[in-house]
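Take a look at the structure set out below.
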Amino acid sequence: MKNFLVIVTMLFISNTCLLAQNTKVIKGRVVDSLGNALSGASIVVSGLKSGTQSNVDGNFSINLPDDNKARTLTVSYVGFTPVTVAVKGNNIVVQLKNVSDVAADEVVVIGYQSVRRKDVLASVASVSAKDLKDIPINSVAEALNGRLAGVTATTAEGSPDAQVTIRVRGGGSITQDNSPLYIIDGVQVENGLSNVVLQDIQTIDVLKDAAATAIYGARGANGVIVITTKTGKVGKLRVSYNAFVGVKNLPKTLEVLSPYEFIVYEYERTRGSNADSTSFARKYGTTWDTLANYKNVAPVNWQKEVLGQTGFTQSHNVSASGGTKKTTYNFSYTNNTDKAIVRQSTYQRNQLNIKAEHKLTSKLKIGISARYTNQQVLGAGTSDERGASFSRLRNSVKYRPYLTAGYEADEIDPNLVDLAVGNGLFLVNPIQLTNSEYRKKSIEAYNITANLSYNITKNLSFRSTFGIDNSHTVDRQFVDSIASFSITQGSAKPIVRLDTSNKNVFTNSNVLTFSIKNFKNKHDFDILLGQETYTLTADAVARQFRLFPNFTTPNTAFTNTGLGTSFAGFPIVNKYKSTQLSFFGRVNYAYKNKYLFAFNLRTDASSKFAENLRWGYFPSGSFAWRVSNEKFLKNSKFINDLKVRVGYGQVGNNRIDDYLFLTTFNTNPYYYGINGQIVNAFTSAGLVNEKLLWETTTNQNLGLDVAILKNRISLSLDVYHNTTKDLLLNVPIAGTYGNPFQLQNVGKTSNKGVEIQLNALVASGKNNFSWNANFNMSFNNNTVVAVGKNATTFPVNPSWSVTGQQDYLVKVGEPVGSMYGLVTDGFYTVDDFDYNTATRVYSLKTGKATAFDIAGAPQPGSIKFKDLNGDGKIVYANDATIIGNANAKFTGGLNQQFTYKQWDMSVFLNFSYGNDVYNANKIEFTNGYTQNSNLLTIMQNRWRTVDANGNVAQSVNGSNVVTGIAPDQLKALNANATIWQPIRSTAGSFVPHSWAIEDGSFLRVNNITLGYSLPIKTLTKLKISRLRLYATANNVAVLTSYSGYDPEVSVRRSPLTPGLDYSAYPKSRTFLFGINVNF
């Protein structure tokens, strides 16, 4: 018996050792999609009953037989989608997706409900948080620009709070607002892009055709941007911190004449008006013989002094989320600070966001989200809406390029003060001008959304959503006595303007949804019925004061407006209110998941129209054929998805002013009484039209969705035709009605286009390397079809020209955004003149057209325009024509994301081709009708009127008689001239002409980011889930032939005048360093 026990013991020990030798330990870590550790995750080995759980750091270890069999691990966690991974090597990292993350990837919000992405019947473009999570940008508009086919985001200029114009498929209205509708978490929000920060966004879905937007009826004509913010996720508290800091600089400046080139030009300008050399010497203290001394004078680059400061930007975002099976929550705080490149220009934004959901019962769920935003803008931009004479950029370019001895750049030069007032350009020391103006704009906004969802039965559910959108804006502006506006309007005394505005929006929607899925394995069916109310109230007050005592400080003036005198016609008070009642429905049906149908109908009643015309009806229908589910393709290994879509529908645009069908009155100042005192009187705002209707867009769309090679490559192709009718235009009427115009529904436009969206997983992780690429391209052709009965053109107010000349034109057969002006034809040469050798007088030859009223007396070297009507006179009304088109032939973008081990890199390019830019800067910055006004360097190659010895070769006297040296001598002097002489008699020569129209095509390297994430071993030691460091360069380079600061510019808000560049705030180049940390 004793021997038997010994034998059994030895066998047990030997088997134990054998087992120990035939097992191996596998280690790993379980994390969520953001790299946060998941504690308590279940890990089960396939084919075995063994398993384990992850510890508090997400780590696990498990023993497996060392038998060379292929094995897998199934990892699961509450609230996350289970994942099965193959056992390959050690240190396995398993990433689980939260159920809500999976849903976000697989569904699209199409209006009051979500559908599977592959079942979408409409044209929808999307961008998700994972596409942008590692790119440091503050603006939601930047997330849209160039990343989605058919969507353009144009920033008016480079200021931190610059107006952003979003267009979906071009926009159909001529005079009204073409902005899309913004929906945030199911609620209509005004100014949606400024009310949410990028870090809080889960998805952005852009609805582009009527099949998707008709459900929004009267507000869907310009597309709908649906923003869904992040929600909390089941699991422990997760905290993340994302921050970046960086510097900004001015990428380029406009080249201007050097001090020597400037003084030579001033000599030429002075002598060209028959002034003798002593007159020039009295003004500038020098003669021709000593002008060369200016070659040693240090130039002052006023653009860099005012616009080229080194800016600083920083952003900090802290978020916390988590939850249980019943309650989830998400909290975030974001601070953005931007010290811009322009002196005394700063922007700051703080935003607090809270979102929570709670299941009261298995059927009833409530949710609430609240956002508070505070923005402050300090310092004015480069341009001013008061007119061309008050531009900082203009001042920086035109001001004399050197300092008087003994004066610093920020000091007022008394030798130029009088000239600043009397030279017609009102030029002021650029630094002093910047210092003399103060602006503080404050914007406070809060958005509150509450919703209730109740599952009445398995197939029937109800959802009610309430939303409040409130904003309060205070804009304070102070202009000191030295500024041009004070000189011309305030008798060289300070001026103050105070603007306040309030806007409140309340919405409520109630939606009932009935759904049956996979009925008899063939049918999917759902019906949506809804009702919505929308109420907007707004008010605005503008006050303006002048004649404050000199040396009054801005704060004193703001709080003691009684120190000044109110401008005539102020205050201006406006109040608005509009309401809308809506009913809508949708029916979706799918047969065998191959044939899909959708029908929408919405009816809206709006207070913007007369009572008998308030109701509008907006239907749409769409059909899709999933070809890939047919028998002949179902088992294809190459084609994974193939779907053809067809859509048709109508949508409306009620983004028009209120009370247009009512007679309204304005207050205006008038002289009254024997003593001629000024009083405010009521006057009619215009001739009322009680028959105004909706602007309505009819959309036709044909689409194709393809996915191949195991969904590694996907393509969406859309062809569309949008026709917008009943456009609101001011129509000329008989003067006997008391007003020369009346607003009527008479216009019609057309937009035709093609959109391509291509996504590719080029490399999928082999050898630790992955490469994703996203490419899009859009073609849109806009045409004006009608502008009224028996009319072919529509008048457009001047966008820039100080002469009041029309510089844009709306014409039937042409696109909205057609630039208008004279056609530049080089310059006059001596061959265009007869020369009298006795009197040395040049006279324009018979048959040569003259532009006397525009450019002064014609002379050799003066600008020349084409005489299109052939009457021998250049008259703007008779000879102006369409000279440019602001619309691009195509636009697009390419985004590429790379990863290699712990490194990641992204490169984003966007481009535009075929669009023109109206560079109005060139017209003024090459005109020298007044003294001490610098010019662009291009004028160095001008036609010369003074020879190499300082002798006058050509001049014009006060009687407009042109005299000069013999033609052969004058021709030889200007053999190398490539541009006209800049000396013209008046500012009237600031006339729009084709030389200022430039090709605005560009390819921009928009963003390059390089990041490094710490490895898991290091993170485990640090007790954090993720730590990523990165460096980013924004606005890296622009390949373009455009001569201005930046071709992506449009400084006017009107849809009639896109692509105008005049004194735009330059866009900066930014270099950032940042960190992402998850705890």
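Here, each number is a calculation from the coordinates, and none is a lab measurement. Please read all numbers here as calculations on a predicted model, not as lab measurements. Because the Cβ atoms are built from the backbone with ideal geometry, glycine has one as well, and the counts that use them run over all protein chains shown.
Multiply the residue gap between LYS133 and ASP66 by 0.36 nm, knock off their C-alpha separation, and tell me the result in nm, one decimal place.
20.0 nm
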> Measuring from a point 7 Å past the Cα of THR457 along Cα-to-C-beta, which residues in segment 513-533 have an amide N at less than 12 Å?
Replying inline: 514-516
> Where the centroid of each part is defined by its Cα atoms, how far is segment 988-1011 from segment 516-541 in Å?
Replying inline: 43
> Which of the lysines could be linked to LYS811 by a straight reach, that is with a Cα gap under 17 Å, when you skip same-chain ones fewer than 8 residues away?
Replying inline: LYS725, LYS748, LYS789
> Stretched out fully, how many nm does the piece from ILE368 to VAL474 gain, at 0.36 nm a residue minus the Cα gap?
Replying inline: 35.3 nm
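Quick one: if the Förster radius is 51 Å, what FRET efficiency do THR579 and ALA972 give, using the C-beta to C-beta distance and rounding to 0.05?
Numbers: r = 76 Å, r/R0 = 1.49.
Step by step, r from the Cβ atoms, then E = 0.10.
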> What's the extension gain from LYS1021 to ILE882 if we count 0.36 nm per residue and subtract their Cα-Cα distance?
Replying inline: 43.2 nm
> Tell me which aspartates and glutamates have Cα within less than 16 Å of LYS24's Cα, excluding those fewer than 8 residues away on the same chain?
Replying inline: ASP66, ASP67
> Roughly how tilted is helix 259-271, in degrees to the nearest 10 and between 0 and 90, from the longest Cα axis of the chain?
Replying inline: 40
> Counting DSSP beta bridges in segment 21-95, what percent are antiparallel, to the nearest 5?
Replying inline: 85
> In nm, to one decimal, how far is the modelled label at VAL297 from the one at PHE597, with both set 7 Å along Cα→Cβ?
Replying inline: 8.2
> Modelled label-to-label distance, ASN504 and PHE558, 7 Å Cα→beta-carbon offset: nm?
Replying inline: 2.5
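Hey, got a sec? Which chymotrypsin sites (Phe, Trp or Tyr not before Pro) in segment 593-643 land in a DSSP loop and have at most 12 other Cβ atoms within 10 Å? Display every interim value, and only then the final one.
Details: sites: TYR595, PHE597, PHE599, PHE609, TRP615, TYR617, PHE623, TRP625, PHE632, PHE638; in loops: PHE609, PHE638.
Counting only loop positions with at most 12 other Cβ atoms within 10 Å, the chymotrypsin sites (Phe, Trp or Tyr not before Pro) in segment 593-643 are PHE638.
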> Which FRET efficiency value, to the nearest 0.05, do you get for LYS24 and HIS358 by plugging their Cβ-Cβ distance into 1/(1 + (r/R0)^6) with R0 = 60 Å?
Replying inline: 0.85
>> I'm a student and want to see the number: the projected area of the Cα convex hull of segment 21-95, averaged over all directions, in nm².
In response: 4.8
>> Give the aspartates and glutamates whose C-alpha is closer than 16 Å to that of LYS864, dropping any in the same chain fewer than 8 places away, or say none.
In response: ASP825, ASP831, ASP832, ASP853, ASP879
>> Quick check: pseudo-label points 7 Å beyond the Cα along Cα→Cβ at ALA681 and ALA838, how many nm apart are they?
In response: 6.2
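Rounded to the nearest 0.05, what FRET efficiency is calculated for THR846 and ARG282 with R0 set to 45 Å and r the Cβ-Cβ distance? Intermediate results must be reported in sequence, preceding the final value.
Numbers: r = 41 Å, r/R0 = 0.92.
So, using R0 = 45 Å, E works out to roughly 0.60.
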